[in-house]
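Presented below is the structure to which this report refers.
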């Protein structure tokens, strides 16, 4: 079982998974960790606000780094992850949506973490986007699992 501690409804019926559009996304590195990971780190940044991070992985894991680029009009389709993903936006802008179709906007310099819940994003603006993602998954697990769009997605054009 993979569990990660960090601050961080699929529609019934015959709904089909939504496609990825406009993606170029090579895996830059992938490595296996054979035992549990229990790491605790602390620090204080320039703001003086303390930071605490706890990462707990039970069982063998794979850590992968992916370089993602989406063209104008691109989107990543509704999906989930078997683990956790840490994303940094290098350039461009996206609208990111959770399983309830609630929107969060990300632009160059932003970073966020995604867990195992359903989500989707689309490129906005006149240029593409470039991002980097680091995945922590169970060994042998896919980096993503395509999922049907939730019921709220159709009204917002998110399919």
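Here is a list: 54, 85. Which entry is within 27 Å of residue 33 (Cβ to Cβ) and either surrounded by 15 or more Cβ atoms within 10 Å (Cβ to Cβ) or in contact with a helix residue (DSSP H, G or I) (Cβ under 8 Å, 6 or more places away or on another chain) (or both)?
85
Go through (1) within 24 Å of residue 127 (Cβ to Cβ); (2) surrounded by fewer than 14 Cβ atoms within 10 Å (Cβ to Cβ); (3) touching a strand residue (DSSP E or B) at 6+ places or on another chain (Cβ under 6 Å) one by one and return the number of the condition residue 72 breaks.
For residue 72, the exception is condition (3).
Any idea how many residues of segment 114-144 are exposed (fewer than 14 other Cβ atoms within 10 Å of the Cβ) and under 29 Å from residue 60 (Cβ atoms)?
5
If you check 20, 27, 94, which single one turns out to be at pLDDT below 95 and under 14 Å from the mean Cα position of the chain (by Cα)?
The match here is 20.
So which pairs qualify, if the first residue must be in segment 134-159 and at positive phi, the second must be at pLDDT below 95 and exposed (fewer than 13 other Cβ atoms within 10 Å of the Cβ), the Cβ gap must be under 9 Å, and the two must be at least 6 apart or on different chains?
Note: no pairs meet the criteria.
Here is a yes/no grid of residues against (1) out of contact with any strand residue (DSSP E or B) (no Cβ under 7 Å at 6 or more places or on another chain); (2) farther than 18 Å from residue 24 by Cα:
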{"residue": "117", "(1), (2)": "no, yes"}
{"residue": "121", "(1), (2)": "no, no"}
{"residue": "129", "(1), (2)": "no, no"}
{"residue": "134", "(1), (2)": "no, no"}
{"residue": "140", "(1), (2)": "yes, yes"}
{"residue": "143", "(1), (2)": "no, no"}
{"residue": "154", "(1), (2)": "yes, yes"}
{"residue": "158", "(1), (2)": "no, yes"}
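The values are calculated or read from the model by the stated rules, or taken from the named source; none is laboratory data. This is a predicted model, so every value here is computed, not measured. All Cβ positions, glycine included, derive from the backbone under ideal geometry; neighbour counts span all protein chains shown.
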